[in-house]
1. Would you kindly derive the ³J(HN,Hα) couplings of segment 224-234 from the backbone phi angles with the Karplus curve 6.51 cos²θ - 1.76 cosθ + 1.60 (θ = phi - 60°), listing them in order in whole Hz, with x for Gly and Pro?
2. Return the FRET efficiency for the residue pair GLU112, LYS53: r is the Cβ-Cβ distance, R0 is 41 Å, and the value is rounded to the nearest 0.05.
3. Based solely on its DSSP helices, what 222 nm [θ] is calculated for the chain when runs of n ≥ 4 H residues each add -39,500 (n - 2.57) and the sum is averaged over all residues, nearest 500 deg cm²/dmol?
4. Would you kindly give the portion of the calculated P(r) for segment 193-256 that falls above 16 Å, as a percent of all Cα pairs?
5. Can you spot the lysines whose alpha carbon is less than 29 Å from LYS240's alpha carbon? Ignore those fewer than 8 places along the same chain.
6. Treating only the Cβ atoms of Lys and Arg (+1) and Asp and Glu (-1) as charged, compute the dipole magnitude of the chain about its Cα centre; round to the nearest 20 debye.
7. What's the Cα-based Rg to Rh of segment 128-194, Rh via Kirkwood?
8. Provide the per-residue ³J(HN,Hα) series for segment 106-111, in order, calculated from phi with Karplus coefficients 6.51, -1.76, 1.60 and θ = phi - 60°, each as a whole number of Hz, with x at glycine and proline positions.
Amino acid sequence: MKNPLGISVNPTNYHLLPRYAAAGIKVVEISLPGAPIDELRPFACEAYALLRKSNMTLWSVHLPFGRRLDISAIDEAERRRVVDELKLTVDLARGLGAGTMVIHGSSEPNEEASRPARMDACEKSLRELQAYAGDTRLAIENLPRTCIGRAGWEIARLSEACAGVCFDVNHLLIEDHSAFLDAAESKVITTHLSDYDGVDERHWLPGMGIVPWKLVRDRLVAAGYDGPFLFELGLDAEKKPYDPETVVSAWRALVG
């Protein structure tokens, strides 16, 4: 099925996988928290077993991220350490059979003066990790605020060092969705869908914010995007995962 619906799961919502499947979601991203590899394996394997039991397909693994795992580190020894640690999670993702891996280009905050050097370091790390990953595609995610990869031109450049782009539609803070797609739509190989207010990332239910959903869907499809429309959502007002049926019905109401 072209452009199936997908969901990113983490320790807060993976138990809902059977309900996501019943609601019509077909593929899954397992999002790994920023923990040591020995703590990641049990969660990843449990989530994988549940998605298979639910007759779903593993689409992607989100590699862990955070200040301790910044692939844009300017210090070469630190950058090398980060890449070597992330290779362990690449092994985990490949072992589960993921065809795609999502990676962050940096942590933050980052000083403006450091951006050229961090872009270079990020590119170097992406090339090394993609080479290590082999046929498993590495997708660089656009990020907000002072992160590396916050604009379409940055993410398009970085994507030359890996397989492509993970388009997170709620991370655009310095340009609109049309401008981002002008620069990067042909590079998109996977998505993170949620809504926001344009002030900061929110990971809201689609329809609660300002994302121009039909524009995003139509432009990606017109550009030849054949991956899933994959939701990466936060928690609702009651600090619970959004109800799976509500997620799917909200999407269908927005895009038809």
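Bear in mind that the values in this text are calculations on the coordinates, not laboratory data. All figures in this text were calculated on a predicted structure; none of them were measured in a lab. So basically every Cβ, Gly included, is an ideal-geometry build from the backbone, and we count neighbours across all protein chains shown.
1. x, 5, 10, x, x, 8, 10, 7, 10, 10, x
2. Values: r = 48 Å, r/R0 = 1.18.
E between GLU112 and LYS53, to the nearest 0.05, is 0.25.
3. Working: 8 runs with 102 residues, N = 256.
It lands at -12500 deg cm²/dmol.
4. Values: 937 of 2016 pairs.
Result for the distance tail: 46 percent.
5. Cross-link targets: LYS26, LYS53, LYS214.
6. Using only the charged Cβ atoms, the result is roughly 740 debye.
7. Details: Rg = 11.4 Å, Rh = 11.8 Å.
So for segment 128-194, dividing Rg by the Kirkwood Rh gives 0.97.
8. Along segment 106-111, the couplings run 5, 9, 7, x, 10, 6 Hz.
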